[in-house]
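Worksheet for the structure shown next.
The values are calculated or read from the model by the stated rules, or taken from the named source; none is laboratory data. Not measured: the values here are computed from a predicted model. Quick reminder, even Gly has a Cβ in these numbers, built from the backbone with ideal geometry, and neighbours come from all protein chains shown.
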Amino acid sequence: MRSVAEGRLPNTSTAFSEHIDRCLGCRACEQVCPAGVEYGALLESSRHELLNAQPKADLQNKLLRLVLKHIWLSPTRLRMMFAASRLFRDLRLPRLLLKSGIARLISSQAEFGLTLLESSRSNRKEPPATLKNGATNDVVSLFQGCVGEGLFGRVNRATRRVLDANAVSVRTPKEQVCCGALHAHAGDLDGARKLARKNIDAFTGNEPIITNAGGCGAMLVSYSHLLAEDDSYRDRARQFSERVKDVSQELQRRKIRSGGPATEERVTYDTSCHLLYGQHAGDASQQMVQQLPGIDFVPLQGTERCCGGAGIYNLMQPEMSARVLEEKLSCIKDTGASLLATGNPGCQMQIAAGASLAGMNLQVCHPIELLDESYSRAGLYDQGQG
């Protein structure tokens, strides 16, 4: 990066593109940098440089740019895409293609991509509960996330129920859009800024903005940097970023209600890199799991290390991603846990897909789902249609 910035290395060099493309962007290096360099922001700027200097002409990158520009920037098209994806998933078509071996015949990437989609399903039964406590003066706004609401709507519903059980009213601005993380990771900073401005306009007021996805949260707290040169949004972006909290942080700062036993399974927890290094909320999320009544919890060695998902890194750099994931799965096996909780949908799919292909008996869920089950077992919800 420095060589390119100083003109000692051209931005069209292979050395530059290979180093930037192969970086996970986990931001762990920021924590040990004595100068406090914000490497995540530099990485996104470098990928933006690459996107303009070395536009990749292969089909995979062309398709990525097409999707980011013409689907992810359009809320209507994005909702349609996720609706189709859910239908495809819920009809068990990915499972059929995987079990028949057709997916593998197409390509290893196709097999892994379908396994990712299949792994977004949950075998855990969602509590048949409705909100009970009603409105209070304690209000937060929920950032749903595009992948979060599109494939993990159950996590958003669990978040609303848990907050309601703790006497917190949740509003969900309808005008909210994707956080822009995928655009930023791909180097499309212009697209990320367009989405950031829409979200800032959508989340008016001063109440906390709650997320349940580490990747989204890390992006939302970076709006102040992303729009630092935008005179119209600079101050609003800073105020917006200051309001963003992970749901575990929000619950940690209040006297959280205790529930019943959440699960009889042995549980471990893996920390989302962006939750840990971007939002600095990894400890709060793990503590939420450890404090569940009667939990059989075992710590995961290397929980602070990336799982290899890293946005779309697992699809763009499959070999490197697989090597990182293999190490993570080995550590999970050592715990003997049959249930893993993690606070980011990308991590959920990455680990669950890897475990499935490796033949491991492992369920993956969000920590808030375990707390939700705990509350349901304790009778804190009205029973009805979930």
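Worth a mention:
- Residues satisfying the criterion are present in the stretch 271-282 (criterion: touching a residue at least 12 places away in the same chain (Cβ under 8 Å), assigned to a loop (DSSP other than H, G, I, E, B), surrounded by 22 or more Cβ atoms within 10 Å (Cβ to Cβ) and among the hydroxyl-bearing types (S, T, Y)).
- Selection within the stretch 316-343 - part of a loop (DSSP other than H, G, I, E, B) and at pLDDT below 95: Q317, G343
- Lone qualifier among G311, G302 - being small (G, A, S), within 15 Å of L24 (Cβ to Cβ), in contact with a His (Cβ under 9 Å, 6 or more places away or on another chain) and touching a residue at least 24 places away in the same chain (Cβ under 8 Å): G311
- Pairs are defined by a Cβ separation below 9 Å, a sequence spacing of at least 6 or placement on different chains, a first member in the stretch 105-127 that is within 22 Å of A84 (Cβ to Cβ) and free of Cβ contacts under 8 Å to residues at least 60 places away in the same chain, and a second member that is assigned to a loop (DSSP other than H, G, I, E, B) and not small (G, A, S); the pairs so defined are R121/R92.
- The one condition in (1) at pLDDT 95 or above; (2) more than 30 Å from R377 (Cα to Cα); (3) not β-branched (V, I, T) that L182 fails to fulfil: (1)
- Residue check: W72 meets all listed conditions (1) under 18 Å from G215 (Cβ atoms); (2) hydrophobic (A, V, I, L, M, F, W, C); (3) more than 21 Å from the chain's Cα centre (by Cα) but one, namely (3).
- All of (1) closer than 23 Å to L371 by Cβ; (2) within 13 Å of the chain's Cα centre (by Cα) hold for C306 with one exception: (1).
- Here G215 clears all of (1) farther than 12 Å from F143 by Cβ; (2) modelled with pLDDT under 95; (3) of a type outside the set (K, R) except the condition numbered (1).
- Restricting attention to the stretch 250-283, the residues being within 22 Å of P208 (Cβ to Cβ) and under 16 Å from the mean Cα position of the chain (by Cα) number 11.
- Residues of the stretch 354-382 that turn out to be assigned to a helix (DSSP H, G or I) and either of a type in the set (S, T, Y) or farther than 20 Å from Q301 by Cα (or both), as a count: 12
- Test for I200: is it surrounded by fewer than 22 Cβ atoms within 10 Å (Cβ to Cβ) and at pLDDT 95 or above: yes
- Residue count for the stretch 257-281, restricted to those that are small (G, A, S), within 19 Å of N123 (Cβ to Cβ) and in contact with a Cys (Cβ under 9 Å, 6 or more places away or on another chain): 0
- L300 meets all of the listed conditions (1) buried (at least 24 other Cβ atoms within 10 Å of the Cβ); (2) outside the structural domain of A181 (by TED's automatic domain parsing); (3) of a type in the set (A, V, I, L, M) but one, namely (1).
- Those helices (runs of 4 or more DSSP H) of the stretch 90-129 in which 2 or more residues are surrounded by 13 or more Cβ atoms within 10 Å (Cβ to Cβ) and either modelled with pLDDT under 90 or under 20 Å from the mean Cα position of the chain (by Cα) (or both) occupy 108-119.
- Candidate set from the stretch 205-245 (those that are outside any helix (DSSP H, G or I) and free of Cβ contacts under 8 Å to residues at least 12 places away in the same chain); member that is nearest to A181 (Cα to Cα): A228
- Hey, F82 under 21 Å from M320 (Cα atoms) and touching a residue at least 24 places away in the same chain (Cβ under 8 Å) or not: no
- Scanning the stretch 209-239 for residues that are more than 19 Å from the chain's Cα centre (by Cα) and more than 22 Å from Y39 (Cβ to Cβ) yields D230, D231, S232, Y233, R234, D235, R236, Q239.
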